[in-house]
Amino acid sequence: MADNIEAAIQKTVLKATKVMEEQVDSELQKLEEMTTDDLEELREKRREQLKRQAQQKQEWLQKGHGQYSEIPGEKEFFAETKDSPKVVCHFYRDSTFRCKIVDKHLAILAPKHVETKFVKIDVEKCHFLVQRLNIRVLPTILFIKDSKFVDRIVGFDELGGQDDFSTEMLEWRIAKSGAINYSGDLSIRPDAGQKAKSNPLVSRTIRSRARDNSDSDDDYD
């Protein structure tokens, strides 16, 4: 019985190897049969592709992509976000310490992902948006695709529940929403295998009554 199973496995492996060899041989034959005109056509297509990519990148940069910038207020918010197909927007308060942590990571990711616009807006300057979007915890990061709100990160719970999460962890979570292009494996968390730390982050809400300049959020009325 075991011999039959082993023989079947070997047969399957040999068959798969043969198929791969045939595919490689076929591709090599195509290359050998290509004429000078064929090669030049391939080069021209590649040049055009690179040219289009460069033009697209330039258009994105002209729209404010490639940098992490601040939106002054609600009126500017709609103008800043409608012309970009992908937007990552951080709703923050300057007195909230954890918002500064988000700022640090987004400033790193913005030039890396020029296909997406990275912005932030002070909750004190966008009362209508805060109410309409039901933003009650800071920091909150919203993802916009084609002028539609598609996802959000609230607090740090999804990032490992701790303040010292990595930029890669935030990048992975943003990619899960489809707001950036991602070359890694979305099925694997960057922090997979790490030992969970004690004292997980307790989300801070806008409704908090703290009035000092600490990491607690102020009453938002």
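The values are calculated or read from the model by the stated rules, or taken from the named source; none is laboratory data. No experiment lies behind these values; they were computed from the predicted model shown. When we count neighbours, we look across all protein chains shown, and the Cβ atoms used for this are built from the backbone with ideal geometry, even at glycine. Side chains are part of the model used for accessible areas, which takes the heavy atoms of the whole protein and leaves out ligands, DNA and RNA. Shrake-Rupley method; radii C 1.70, N 1.55, O 1.52, S 1.80 Å.
Tabulated values for the structure
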item: In nm, spacing of pseudo-spin labels at E70 and R46 (7 Å Cα→C-beta vector); result: 4.6 nm
item: FRET efficiency, S187 to T36 (Cβ-Cβ, R0 35 Å, nearest 0.05); result: 0.20
item: Local net charge near I101, Cβ-Cβ under 9 Å (Lys/Arg +1, Asp/Glu -1); result: 0
item: Per residue accessible area of the range 16-158, 1.4 Å probe, in Å²; result: 61 Å²
item: Heavy atoms of H65: accessible area, 1.4 Å probe, square angstrom to 10; result: 0 Å²
item: Under 19 Å from K104, Cα to Cα: lysines that are on another chain or at least 8 residues apart; result: K112, K117, K120
